[in-house]
Amino acid sequence: MTSSTLLRVKGRAAFLTVILVLIGLTTVAVVAGSAAADPGHERVGPETDGGLPSLDLADGAAESNATENASIEFVEDASGESGDVIDVPISLEHADAGYVQLVDYDGGQFKAVTGFETDGNSVGEAILQFNTYAPADEASWNVHGDYEDDVSLTETRYATAPADERLAADEYGMVAGLQLDDTYETPVIESGYDTDTSTVTVDEPTPPTNITTSIAPIDADLEGKDEYRDATITNRSAVAAGDSLLVTVEDFGYSGLVREFDGGESLDEELGGEMVELTIVEQVGWWYVESRVWSTDSDVSAPDDDVYHVDATVVSTDYERYDGDLMLELEYDDTEHPLDVGGYDLQYAVDENSSLVDNEVELETEFEVVEPTLEWTEDAKAVSNDANATVTGTTNIAPGSSITTSARAADAFTAAADAVVEADGSFTAGYDFSEYEHGLEFELQAYPDAQTAYEADGALMDEVSSVLASVLSASIDLDVDAPAEVEAGDAASLGVTVENEGNESVDVDITVVIDDEEVEDTTVSLEAGERWLDRFVVDTDGGSDVEWLVAAGDVSDSDTLQIVGEDDDEPLDVDADEATEADTADVDDEWSDPAEDEDEDEMPGFGAAVAVLALLVTAGAALFGRS
């Protein structure tokens with residue numbers, strides 16, 4: 001073999017080596033591109049064991065893990081005012097029982113612990129409650145009403161605090177745990193079994209800010225929880241003699257105290273020891289007339305001194321809905337000396353020596369006792385003879401009061417209907433008089449259901465003579481005569497007809513708008529069966545379509561008048577070649593092969609690598625050919 005031949009062979013071998021290396025690099029690029037295009041691709045190796053996690057499926061493993069992983073955690077730091085019930089929200093994981101403890105940070109003697117249990121591990125959250133008004137009471141711990149079906153307290157409940165004292169304002173610690181250490185005189189959560197810690201901030205109570213009056217029906221039951229929810233209570237400073245008069249102490253607070261109320265408790269008996277008092281002072285018009293005074297404090301009431309006793313009782317309050325406002329019912333008419341019709345000043349006072357406040361509290365408002373009244377309106381003297389006839393009256397007794405009404409025509413009919421007093425003092429009763437001819441005279445009567453409870457002149461009953469009248473109504477009909485299209489420049493107009501098809505006169509507002517221009521705006525009075533007609537010219541010279549609108553009272557009509565001209569019939573001047581090219585481009589885009597696009601996306605770099613390889617093969621072939 002000659003040296004030249006040997007060189008050619010070596011050259012070919014070197015070239016083939018380069019080709020093989022490039023093929024290998026191309027393959028790597030293709031695989032790498034494929035992996036990059038698939039972000040969900042996961043490398044399989046010893047760390048992932050084929051993508052499957054290693055699980056211990058031995059019997060009892062889940063149960064032992066649940067036991068070991070059981071925990072009770074505080075959702076957030078708790079806070080509230082001294083005297084309130086403070087919510088302590090907790091979350092539970094694999095725990096069906098546990099303990100919560102409160103402790104004084106400053107090393108004081110206060111500690112409070114409760115145990116609780118759930119229906120099972122499915123309970124994931126709960127709210128425990130602690131009453132800071134009576135921290136030493138056996139019932140200081142409770143479960144929030146929303147969780148009573150799933151969580152209950154165990155017998156392990158206690159608190160070390162001075163009796164008859166609310167919890168002082170301070171910051172206290174909280175500990176949650178799974179086991180209690182009872183080797184101490186006062187057991188605590190056992191070390192090593194505590195699962196979370198948090199704090200409870202107890203603030204000084206804020207004093208009340210205002211007092212207001214409201215009223216309720218005379219027969220309203222305000223002591224029962226359900227009855228109180230159903231009662232209609234209206235903010236008002238005037239009370240019809242006999243109706244319930246309510247006093248609201250805004251921002252009273254002390255939910256821990258209110259929680260113990262069932263409704264009906266006497267203010268003097270429950271809070272007299274806290275030096276809380278309501279006082280009523282008569283407003284007099286003459287300087288030489290001494291005002292009479294009523295007080296809830298039985299110790300200061302003395303008829304000889306013109307100070308009389310009046311009781312105020314707690315209105316039933318659903319504790320879970322208590323918003324801090326305490327409502328009391330003032331028994332102003334249930335006393336040896338009832339309040340007469342007239343104006344009165346009302347005072348709420350808490351002595352500075354009371355444990356409820358730091359400083360003296362004095363709040364004032366006023367109210368008026370008025371003579372109850374009830375009467376039919378003038379409209380009740382003529383009632384339409386239709387199936388849905390209504391009669392209306394007015395009264396100043398409390399909204400929500402029930403009214404009984406009756407209608408009686410001699411030798412014709414006797415009917416009754418119930419009504420309820422609305423917030424504006426009106427009441428409406430409905431009757432079906434469609435069977436009777438107009439002109440029939442009858443008597444209407446109305447009185448409260450609790451009529452005998454009022455001590456008013458005339459026993460709060462009103463009677464009026466009435467007559468059935470034809471049903472009166474106004475019905476507006478609108479008709480617009482307008483062409484659908486006209487040629488540009490031709491005459492066109494809108495013909496408008498408004499007719500009262502009812503049997504009662506009516507005033508009608510009429511508006512006509514043509515091409516965004518208001519051409520008519522008037523009010524006409526139409527008797528029964530009367531018409532109003534007019535015609536309005538439409539300008540068609542502009543060559544553009546014209547929009548129009550006509551309104552008559554609550555009735556309206558609108559449309560568009562199309563203007564037709566020679567330009568409308570000319571075809572569009574579109575270059576055929578441009579249209580064809582555009583259409584072809586759209587078709588090409590629409591019918592592009594999605595598989596090709598997908599391959600290009602999934603294997604980036606593959607096309608370039610193959611192109612380089614092809615060039616090298618071609619060059620090699622040429623080299624071999626020359627050789």
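If the condition is being open to solvent by less than 40 Å² (accessible area, probe 1.4 Å), over 50 Å from the mean Cα position of the chain (by Cα) and not hydrophobic (A, V, I, L, M, F, W, C), then segment 466-500 contributes Ser493, Gly495.
Does Leu245 fit the bill of being crowded, with 17+ Cβ neighbours inside 10 Å and within 30 Å of Gln129 (Cα to Cα)? So Leu245 fails the test.
Residue-wise test of (1) touching a helix residue (DSSP H, G or I) at 6+ places or on another chain (Cβ under 6 Å); (2) within 30 Å of Ala139 (Cα to Cα); (3) in contact (Cβ under 8 Å) with a residue 60 or more places away in the chain; (4) not assigned by the TED database to the domain that holds Asp87.
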residue	(1), (2), (3), (4)
Gly264	no, yes, no, yes
Leu267	no, yes, yes, yes
Glu274	no, yes, yes, yes
Gly285	no, no, no, yes
Glu290	no, no, no, yes
Asp299	no, no, no, yes
Asp325	no, yes, yes, yes
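Taking the criterion of being open to solvent by less than 30 Å² (accessible area, probe 1.4 Å) and at negative phi, the residues of segment 248-264 that qualify are Thr248, Val249, Phe252, Ser255, Gly256, Leu257, Val258, Phe261.
Listed residues Thr197, Thr212; which is of a type in the set (Ser, Thr, Tyr), over 21 Å from Gly425 (Cα atoms) and touching a strand residue (DSSP E or B) at 6+ places or on another chain (Cβ under 9 Å)?
Result of the check over Thr197, Thr212: Thr197.
Restricted to segment 353-380, and to residues there that are more than 38 Å from the chain's Cα centre (by Cα) and touching a residue at least 60 places away in the same chain (Cβ under 8 Å), the residue that is farthest from Leu271 (Cα to Cα) is Ala380.
Based on this model, can you work out whether Leu363 counts as in contact with a helix residue (DSSP H, G or I) (Cβ under 8 Å, 6 or more places away or on another chain), surrounded by 16 or more Cβ atoms within 10 Å (Cβ to Cβ) and within 30 Å of Tyr344 (Cβ to Cβ)?
No.
The single residue among Ala66, Ala126 that is modelled with pLDDT under 95, open to solvent by less than 20 Å² (accessible area, probe 1.4 Å), farther than 30 Å from Pro208 by Cα and of a type in the set (Gly, Ala, Ser) turns out to be Ala126.
For residues in segment 316-331 being open to solvent by less than 30 Å² (accessible area, probe 1.4 Å) and at pLDDT 80 or above, which is farthest from Leu246 (Cα to Cα)?
Gly324
Against the test of being in a strand (DSSP E or B), closer than 30 Å to Gly542 by Cβ and without any contact (Cβ under 8 Å) to a residue 60 or more places away in the chain, the options Val524, Val496 yield a single qualifying residue, Val496. Candidates Asp226, Asp170, Asp221, Asp194: the one that is in contact (Cβ under 8 Å) with a residue 60 or more places away in the chain and open to solvent by 40 Å² or more (accessible area, probe 1.4 Å) is Asp170. Candidates are the residues of segment 267-294 that are of a type in the set (Ser, Thr, Tyr) and surrounded by fewer than 16 Cβ atoms within 10 Å (Cβ to Cβ); the one that is nearest to Tyr348 (Cα to Cα) is Ser291.
When Val239 is tested against (1) more than 28 Å from the chain's Cα centre (by Cα); (2) under 20 Å from Phe116 (Cβ atoms); (3) open to solvent by less than 60 Å² (accessible area, probe 1.4 Å), exactly one condition is not met: (2). So, of the residues in segment 531-549 that are among the aliphatic types (A, V, I, L, M) and closer than 30 Å to Asn503 by Cβ, which turns out to be farthest from the chain's Cα centre (by Cα)? Step by step, filter segment 531-549, then rank; the result is Leu533. The strands (runs of 3 or more DSSP E) located wholly in segment 197-302 that include 2 or more residues which are within 30 Å of Glu165 (Cβ to Cβ) and modelled with pLDDT of 85 or more occupy 210-216, 244-250, 276-282.
Checking Asp358, Asp424, Asp411, Asp432 one by one, the residue that is exposed (fewer than 15 other Cβ atoms within 10 Å of the Cβ) and closer than 30 Å to Val258 by Cβ is Asp358 and no other.
Take segment 140-163 and flag every residue that is farther than 15 Å from Val100 by Cα, touching a strand residue (DSSP E or B) at 6+ places or on another chain (Cβ under 9 Å) and hydrophobic (A, V, I, L, M, F, W, C). Of everything in segment 140-163, just one residue is farther than 15 Å from Val100 by Cα, touching a strand residue (DSSP E or B) at 6+ places or on another chain (Cβ under 9 Å) and hydrophobic (A, V, I, L, M, F, W, C), namely Ala161.
In the set (1) open to solvent by 40 Å² or more (accessible area, probe 1.4 Å); (2) outside any loop (DSSP other than H, G, I, E, B); (3) at pLDDT below 95, Asn503 fails one condition alone, (2). Does Arg166 fit the bill of being within 21 Å of Glu352 (Cα to Cα), among the basic types (Lys, Arg) and either in a helix (DSSP H, G or I) or out of contact with any strand residue (DSSP E or B) (no Cβ under 7 Å at 6 or more places or on another chain) (or both)? Judged against the criteria, Arg166 is a match. Restricting the search to strands (runs of 3 or more DSSP E) fully inside segment 100-152 and requiring at least 3 residues that are within 37 Å of the chain's Cα centre (by Cα), within 20 Å of Glu190 (Cβ to Cβ) and in contact (Cβ under 8 Å) with a residue 24 or more places away in the chain gives 111-118. Looking across segment 375-395, the residues that are crowded, with 18+ Cβ neighbours inside 10 Å and at pLDDT 95 or above come down to Trp376, Val391, Gly393, Thr395. As a summary of the residue check, Leu533 satisfies the conditions (1) more than 30 Å from Ala241 (Cβ to Cβ); (2) modelled with pLDDT of 90 or more; (3) open to solvent by less than 70 Å² (accessible area, probe 1.4 Å) except for the one numbered (3).
The values are calculated or read from the model by the stated rules, or taken from the named source; none is laboratory data. Here the structure is a predicted model, which is why all the values come from computation and not from measurement. FYI the Cβ positions are ideal-geometry reconstructions off the backbone, even for glycines, and counts take in every protein chain you see. What goes into the accessible areas is simple: the full protein's heavy atoms, side chains included, and nothing from ligands, DNA or RNA. Shrake-Rupley method; radii C 1.70, N 1.55, O 1.52, S 1.80 Å.
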